[in-house]
1. If you add up the charges near residue A:118, with Lys and Arg at +1 and Asp and Glu at -1, over every other residue whose beta carbon is less than 12 angstrom from its beta carbon, what do you get?
2. Using Cα atoms only, what is the angle between the long axis of helix A:212-237 and the major principal axis of chain A, expressed in degrees (0 to 90) to the nearest 10?
3. Pick out, from A:225, A:205, A:267, the residue whose Cα sits farthest towards the positive end of the charge dipole of the range A:192-336, with +1 on the Cβ of Lys and Arg and -1 on the Cβ of Asp and Glu.
4. Round to the nearest 10 and give me the degree value, 0 to 90, for the angle of helix A:46-66's Cα axis relative to the longest principal axis of chain A.
5. Find how many whole Å separate the alpha carbon centroid of the range B:192-230 from the alpha carbon centroid of the range B:80-117.
6. Using Cα pairs closer than 8 Å and at least 6 residues apart in sequence, work out the relative contact order for the range A:2-325, in percent.
7. Using a simple charge model, +1 on the beta-carbon of Lys and Arg, -1 on the beta-carbon of Asp and Glu, nothing else, what dipole does the protein assembly as shown show about its Cα centre, in debye to the nearest 20?
8. Given the C-alpha centroids of the range B:345-415 and the range A:242-278, what is the distance between them in whole angstrom?
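What follows draws every value from the coordinates through simple rules; no lab data is involved. Quick caveat: nothing in here was measured; it's all calculated off a predicted structure. Note that each Cβ is placed from the backbone with ideal geometry, even for glycine, and that neighbours are counted across all protein chains shown.
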Amino acid sequence: MDILNALVALLNFVVIPATSYGAQLALGALGVTLIYGILRFSNFAHGDTMAFGTGMVILFTWWFQSMGIHFGPLPTALLALPFGIALTAGLVLATDKAVYQFYRKQKAAPVILVIVSMGVMFVMNGITRFIIGVDEIRFADGGRFLVNANDFKKSTGLAEGLAFKSTQALTIVAAVIVVALLFWFLNKTRTGKSMRAYSDNEDLALLSGINPERVVKVTWIIAAGLATIAGTLYGLDKSFKAFNYFQLLLPIFASAIVGGLGSPIGAIAGGFLIAFSEVGFTYAWKKVATYVLPESLAPDGLAQLLSTDYKFAVSFAILIVVLLFKPTGLFKGKSV
Amino acid sequence: MNTRNILLFAFVAFLIIFEGMTASWNTALGILNMGLISAILALGVNMQWGYAGLFNVGIVGFVALGGLAPVLIATPPVTEVWTAGGGFRLILALLMGVAIIALAIALNHRLKGRQRVLALLVTLIGGFFLFRAVFDPAVEVVEAFKPATYSNLGGLGLPVLVAWPVGGLLAAGAAWVIGKTALGLRSDYLAIATLGIGEIIIAVMKNEDWLARGVKNVISIPRPVPYEVDLQNSTSFVERAASFGTDPVTASTIVVKLLYAALFTVILLALIWASEKALNSPWGRMMRAIRDNEVAAEAMGKDVTRRHLQIFILGSAICGLAGAMIVTLDSQLTPGTYNPLRFTFLIWVMVIVGGSGNNWGAVLGGFLIWFLWIKVEPWGNGLMDFITSGMADGVIKSHLQDSAAHMRLLTMGLVLLLVLRFSPRGLIPER
């Protein structure tokens, strides 16, 4: 019984939250890694692209709600998602045309593009705040729980409850579908193959007649889609606040680098590694430990390795370790 | 310095003097003082970016770390905490932490293969628990003492001017750690690593109450200049103020600000002199050669990574110095106010608008952008009021007026993008 209780507590407080957070990070990191692979710079504006996309989705959600359109037990935001993606894709394509294209033609050094992306980040941040403000917004509706803690306790007779929020389930399912679609696209379609070719060897791809501007455009659209989906899922799961998306930049970059910049599989693995370490290091293990360990060994304190305020320190520490020992990442990224 | 550059500086001076004549000398001097500090920050960042092409996104962290120095150096020690043993135990814990990391580094160099992984894991995990076992009770003792006023270790009670170079040293230490790991890899990695260290330094300063009271802030940090109240109570000062025809309260605030301005100007001039000397020395030429063509410089026998590390540390130390100066100017440390927009991004705009690679350009950018930063908000509000003046009162009008506050972000981002695109060499280009 104690072992079961410990398992349920572990599932409830560590495995489920970390999995959904990991899925969100993985989607974010996929966007970063794609841009890196094709356009060859670290896009600092990705966090704010996520914020902008989510903001658009929220606007559409409100509009739908005001018209009385709902999506049954699922959040209305899912209906709004395609519109949000379209607007975000429009914005990043316009940004590419107005800003990045010039530097691409000039063959500017990657570090210049990084600085430029920082400028874009602030303009986007300004636009998002301008449109939707800086306050915390909760826009999840529909069913709250897939498994309710109290019902679980009653039906199993365990002391520990298990809560599985519908947004968490939705995150995981959506992430699986999106990733499957993305890999199908990259591996099976002509456009996807040309993207991979361009990423592997630009000159060779150009020689074989691949249109670079088209590859770049498709990449931006996919990145905008991934950013909007990741941002919306994160916003549904927690809440929307423009500044939080800026702060997500560090764990997202850490995920992409840990997996190996430019490697889609790596981005997913990195996202889950970072998420599980963050949650694992900042979770107070006392509850689980008291179930498993004999009474004499039970911890006095919270058995929390780090306070939750330092969750970013965890992703940073992993990043540093990877940079020190394996700078190309776990899955052989593009460059050192 | 040619005529154009002198005119540019004269224009900025005119802006500040105009502000003083039309608004108040108090705000004009306030802008001047922060402008001086901004110029110093821009000099530091210009070293990293302009001389060497290093992209530092964690300036805010180095500024905050420098700001810690006045608290640790100049505030009086909280003796009760030290006599209770908490202080010494805490220092012991920190020393232990350093020793554990040093041991791990030594093992990493000595051992090989599986043995290395095992030894490192044992040292780091065991060390972590050992550290927490000594550290946690000590923190409890320190933070339990009069949490409303202290809850920290206090400082050494030395003159606050000593804290300025110490602030630089603290920032240099952090820069060394980051530079050691991230330099020599792709340029993006330094950007991401500095972004991380910036956020972590701020998180530590917000949460570790024993260090500098966290978000409870440290106030009344000693000042290097006299207090306004003392001036107002001195009869000779009041008489002199009366002879100028001002009341003692205004006169005292202006005198204090002028004294700060004098102090900061001395430091700024010294730094400009030193950086001009350095930039025009063989060392400066080597740096620019490395920036322009790393491969060629390496072929000439220059150790690129070492030189990068050197200049990264130097630039960050200057940021730390400026951080200590900011805290001294405000006489308070408020970790909550360190946001990346204000202390990282704005400095970048200063350097790029002013002219990267040119010390005078960075200084000019520091003054000009700081002035604009202060003025854009009231201008934005005014503009919004003007735009919305014809509208009927309603949701849209109030939304537009509220959002004027975010105009700063947008404007500064646009300024950066436009300058990078159309005038990438800045106002005073590199020679």
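1. Working: positive: none; negative: A:48, B:188.
That works out to -2.
2. 20
3. A:205
4. Between helix and principal axis, roughly 70 degrees.
5. If you average the Cα positions of each part, the centres end up 25 Å apart.
6. Numbers: 500 pairs, mean separation 108.7, N = 324.
Normalised by residue count, the contact order of the range A:2-325 is 34 percent.
7. Dipole about the Cα centre, nearest 20: 2240 debye.
8. 33
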